[in-house]
Every structure is written in structure tokens, then in C-alpha cells.
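Before any comments, here is the structure.
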Amino acid sequence: MTAGREVLTARCYATDRGDPKQRGFQNTLRTIGFEVKLKPFIQRADGSAKGDWDVGITLDAIEYAALADVVVLVSGDGDFDLLARKIREVHGKRVEVYGVPKLTAHSLINASSEFIPIEGDLLLG
């Protein structure tokens, strides 16, 4: 993903549930150069939960699209198809999407410049 490229930023977006394993993974990401952005996990009285990063990811991606040649999204969320199209059409930039094939929305795959399946060597063992 980064071979032969200058990386302007690498960000991970997560919900903080206070889970020790999750914090360990986040610390590993920090060690290899990621900025980890956290939001508190909110449990509502009705049992539903909130803590998604869609707006934050979109704002950051649009900001960096003005500076970068390529924006890489590691997601399968079809909500990001609009973001991928906007970056390609308005900013004229390449959008690469990495995702697990069975869990990635077709609309996101179609909106990307290139879809790279997360499988085989890209999977963590």
C-alpha cells in the first residue's frame, strides 16, 4: 500500500470501549506510525449505541484529498461511496479501497479507482 509512496498521514478511527485488547491494538498502530483517533462509546438508555466516525473520516479525507495524489480507505462501508466519488470527481484524485470482499459494499467498490481485496497475505494471522 505504501511502497514507493510518501505517506502524508495514516489514521485509524475507533470507538473507545475501555477494552484492554483494543487498547493494545491501538498502541501497536501508534507504534507503526498511525494517528489513532478515539471517540467515546455511548450507550443510550433505550439500549442503542452511538460512536461512528463517518463524518470525521469524511472531513479528514476531503482535507487530505487537496494535498495527496491518492486517498486510501480501508473500509467496506457503502456510506463512503459518496466520499470516494467526490474525491475522484471534484478533486481528480485516485481513491483506493481495501476491504474484505464479502463485507465490502458493491457501491463502494464501484466508486473507487481501484478495489484491493483484503485476503491472503493482507490478513493478520
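The values are calculated or read from the model by the stated rules, or taken from the named source; none is laboratory data. Note that the coordinates shown come from a computational prediction; the quantities given were computed from them, not determined experimentally. Glycine gets a Cβ as well: all are built from the backbone with ideal geometry, and neighbour counts include every protein chain shown.
Exactly one residue out of 120, 125, 51 is modelled with pLDDT under 95, in contact with a strand residue (DSSP E or B) (Cβ under 7 Å, 6 or more places away or on another chain) and not hydroxyl-bearing (Ser, Thr, Tyr), and it is 51.
State whether the residues of segment 54-67 include one that is farther than 19 Å from residue 112 by Cα and of a type in the set (Val, Ile, Thr). Please lay out each step first, then the result.
Keep residues of segment 54-67 that are farther than 19 Å from residue 112 by Cα, which gives 56.
Checking which are of a type in the set (Val, Ile, Thr) leaves us with none.
No, because not a single residue in segment 54-67 is farther than 19 Å from residue 112 by Cα and of a type in the set (Val, Ile, Thr).
If we scan segment 67-77, do we find a residue that is modelled with pLDDT of 95 or more, touching a helix residue (DSSP H, G or I) at 6+ places or on another chain (Cβ under 7 Å), farther than 16 Å from residue 10 by Cα and not charged (D, E, K, R)? The answer is yes; a qualifying residue exists.
Among residues of segment 94-107 that are in the same structural domain as residue 69 (by TED's automatic domain parsing) and surrounded by 11 or more Cβ atoms within 10 Å (Cβ to Cβ), those with a beta-carbon under 6 Å from a residue that is assigned to a helix (DSSP H, G or I) and not small (Gly, Ala, Ser) at least six positions away or on a different chain give the pairs 95/87; 95/88; 97/108; 107/81. Any chance segment 67-86 includes a residue that's surrounded by 15 or more Cβ atoms within 10 Å (Cβ to Cβ), basic (Lys, Arg) and free of Cβ contacts under 8 Å to residues at least 40 places away in the same chain? Among the residues of segment 67-86, at least one is surrounded by 15 or more Cβ atoms within 10 Å (Cβ to Cβ), basic (Lys, Arg) and free of Cβ contacts under 8 Å to residues at least 40 places away in the same chain, which makes the answer yes.
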